[in-house]
1. By how many nm would the segment from residue 72 to residue 37 grow when fully extended, if each residue of separation counts as 0.36 nm and the alpha-carbon distance is taken off?
2. Nearest 0.05, what FRET efficiency do residue 49 and residue 29 give at R0 = 22 Å with Cβ-Cβ as r?
3. Along the three principal axes, how long is the stretch 18-109 when you take its alpha carbons, biggest first, rounded to the nearest angstrom?
4. Label residue 81 and residue 18 with points 7 Å out from Cα along Cα→Cβ: what is the distance between them in nm?
């Protein structure tokens, strides 16, 4: 029992790494042959608590639209952008797809 409590308590003390997040509207969506399998998103307002690798002044998130999850995210993003609807975006706390833009973890249409 003490081991279980210690394990649970340990999880409460050590926070999971979380990326940046923002709720707002999509200002710009960028894709093209020169960018390969990447779609860049610019948000308003800009996300807070961005990782140190996030140095791109314009685009806030990037994702790969060729994966199953990326195709679903792309559909939600384009629908929200076209309708000028708010979305919640959260990053991975890493710039694994593009060295200067945080990778997208999740998108939620609001």
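Read the figures in this text as sums done on the coordinates, not as results from a lab. These figures come from a predicted structure and were not determined experimentally. Using ideal geometry, Cβ is built from the backbone for each residue, glycine included, and neighbour counts are taken over all protein chains shown.
1. 11.1 nm
2. 0.45
3. Sorted largest first, the three principal extents are 32, 27, 21 Å.
4. 2.7 nm
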